[in-house]
Amino acid sequence: MPGWARRVLPALGLLLLLATASAPIRQYVAPEIVRLAYEIEGRDIVYSWGGGHAADPGPSKGTCLGYKGKIKPCPAADTEGLDCSGFTRWVYALAHGADVLGPGNTNDHVRRMYRVSDPRPGDLVYFGKITKKRIKTHHVGIFLGGGKMMNAPETGSVVRIDEISSKKGFAGYYRY
């Protein structure tokens, strides 16, 4: 090998290593998402309309603004818990080490995701209407596989496992 090659090739190798090491790589966290969802489900955290939407992800008191639940009067303002998007926001924040879904509701969160036709456990399953021009979702859960999802379904319930087919308006699977 010529002398110049012995000097240049190691430098090029180091440059290539540094360039690829600094490239952003999205960490595969799906198993961690599922593990955390099961851990949270075991805590019997109650549903609270608007719960989980405080500055930091996690259980919080809800709101009665926009509440249309069956239990009257609305208990959310006095109930610390999670709604469906508050639950998925918290699990994703724990798994990713950052609030990747951010504040907002299911409509806001689905905009940060991309649709997949080959769902894997840990992906999110949305319900409602999602088109290129309009997003109007009403529920989200964490896909577990086998037609099941972990979700915070409604006032009076706790975070639990449900059949995806039990919820109306399936809109698709989404991945962060």
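The values are calculated or read from the model by the stated rules, or taken from the named source; none is laboratory data. Just so it is clear, the model here is predicted, and its values are computed rather than measured. Here the Cβ positions follow ideal geometry from the backbone for every residue, glycine too, while neighbour counts run over all protein chains shown. Heavy atoms of the whole protein, side chains included, go into the accessibility calculation; ligands, DNA and RNA do not. Shrake-Rupley method; radii C 1.70, N 1.55, O 1.52, S 1.80 Å.
For P153, the conditions (1) in contact with a Ser or Thr (Cβ under 7 Å, 6 or more places away or on another chain); (2) touching a residue at least 60 places away in the same chain (Cβ under 8 Å); (3) over 17 Å from V29 (Cα atoms) are fulfilled apart from (1). Restricting attention to the stretch 123-144, which residues are within 25 Å of P31 (Cα to Cα) and touching a Lys or Arg at 6+ places or on another chain (Cβ under 8 Å)? Matches in the stretch 123-144: D123, L124, F127, H139, G141, F143.
Cβ-Cβ distances below 9 Å connect the following pairs, each with a first residue in the stretch 54-71 that is surrounded by 10 or more Cβ atoms within 10 Å (Cβ to Cβ), a second residue that is of a type in the set (A, V, I, L, M) and part of a loop (DSSP other than H, G, I, E, B), and a separation of six or more residues or different chains: P57/L101; P59/I45; S60/A54; K61/A54. Filtering the stretch 41-89 to residues that are outside any strand (DSSP E or B), more than 23 Å from G128 (Cβ to Cβ) and among the hydrophobic types (A, V, I, L, M, F, W, C) leaves I45, A54, A55, A77. Only residues that are within 26 Å of Y67 (Cα to Cα), part of a strand (DSSP E or B) and among the charged types (D, E, K, R) were counted across the stretch 149-176, and they come to 3. Taking the conditions exactly as written (of a type outside the set (G, A, S), part of a loop (DSSP other than H, G, I, E, B), closer than 19 Å to D56 by Cβ and open to solvent by less than 70 Å² (accessible area, probe 1.4 Å)), does D99 satisfy them or not? Spelling it out, D99 is indeed of a type outside the set (G, A, S), part of a loop (DSSP other than H, G, I, E, B), closer than 19 Å to D56 by Cβ and open to solvent by less than 70 Å² (accessible area, probe 1.4 Å).
Look at D123 and say whether it is surrounded by 19 or more Cβ atoms within 10 Å (Cβ to Cβ), of a type in the set (D, E, K, R), out of contact with any Cys (no Cβ under 9 Å at 6 or more places or on another chain) and within 24 Å of E163 (Cβ to Cβ). When the stated conditions are applied, D123 passes them.
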